[in-house]
1. Taking the convex hull of the alpha carbon atoms in the range 213-302, what volume per residue do you get, in Å³?
2. Find how much the distance from ASP289 to LYS41 grows on full extension, using 0.36 nm per residue of separation minus their present alpha carbon separation; answer in nm with one decimal.
3. For a 30 Å ceiling on Cα separation, which of these pairs sit above it: LYS12/LYS284; LYS214/LYS297; LYS228/LYS297; LYS17/LYS297; LYS124/LYS165; LYS41/LYS297?
4. With each label point set 7 Å from Cα along the Cα-Cβ vector, what nm distance links GLU125 and ARG101?
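Computed from the coordinates by the stated procedures, all read-outs in this text should not be read as laboratory data. Every value quoted in this text rests on a predicted model; they were computed, and no experiment measured them. So basically every Cβ, Gly included, is an ideal-geometry build from the backbone, and we count neighbours across all protein chains shown.
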Amino acid sequence: MKHPPSKTVGRKYWLAKATERKNEKSTCFLCPEPKTHLQNKDYSFTPADFDPTGLTKSEAIKAGKEKSVFEKWGTRFGSQIWSMAHEVNLGDVIFLETHSRNVHAWGIITRAYQYRPAKVLRAKELETAGLHSIGVEWHELTNGKDSFKAGRSDNLLFREISDRKDLLPLLTKFIDNPLPTSARRGGEDAPQDLEYREGGKVLQTHLRTERDAKAAKLAKELARKRSKTGDIVCETCGTVPKKEYAGLDLIEAHHRIPLARGVRETKPEDFAMLCPCCHRAVHKLINADVEPLAALKRLSKLFA
């Protein structure tokens, strides 16, 4: 099916390389083999060992060269790691290929970048998980053998191909389901709908960052107890959703610090109680690179 150009919806397309295991003695040191990525529900690789999150791209390129796992290939590694950390958005599309140009799977990116440092680089351990990773909902392909020719093999393990008009159509043909209509940035943990055509009906599924529903439920209960009327007021606009929507309790618990920032223990106080409109507006601001806490304050000022 025909998919919209990347720039029209903010979505990016990525091509990631996996190791092909030729025999039992060969290792998957640089990046695991395809079946490992699919089992882990992520894409990971280990071209260089450094944390790119606080670096500029030029600083990352320098670090990639200095801390490359393979000395001869270090000049581009830093840029690829930086791109994974800073340019990948939730909802982007990724294709998994090998040096033989077989496409093993395509996927939707569901978790922001994570750096998993290791005190000692052990090849055996890196066969099952790389140091740099993003979460992916993979869709395995059975017809991706020898699917495209893009010139000679290179050391680009992870790169954006949104503008590759010669390559992108060859890969998007494997996507037989409608893609999300918009890309979600790393700060948003709200659901992102995917639509699948089945028997003339639409089945909607959701991609969510892992969360504990009990925490949000407890936060709402605490907010009700603190309220004089028992109704929860939206923290930003001051409305009571239950009254605005004829008795429907549509208040939503919003993480003040996005779950994409990493695993943590969540307390009821870590949630803001928002009406559906304000919840969506806050995430729009976060998508526009406004800091999460600043986004809440900015929205509150509009109703002050």
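1. Numbers: hull volume 8.5 nm³, N = 90.
Residue-normalised Cα hull volume stands at 94 Å³.
2. Working: separation 248, 0.36 × 248 = 89.28 nm, distance 2.69 nm.
Going from the current span to full extension adds 86.6 nm.
3. Details: LYS12/LYS284 18 Å; LYS214/LYS297 26 Å; LYS228/LYS297 24 Å; LYS17/LYS297 42 Å; LYS124/LYS165 38 Å; LYS41/LYS297 35 Å.
Correct reply: LYS17/LYS297; LYS124/LYS165; LYS41/LYS297.
4. 3.8 nm
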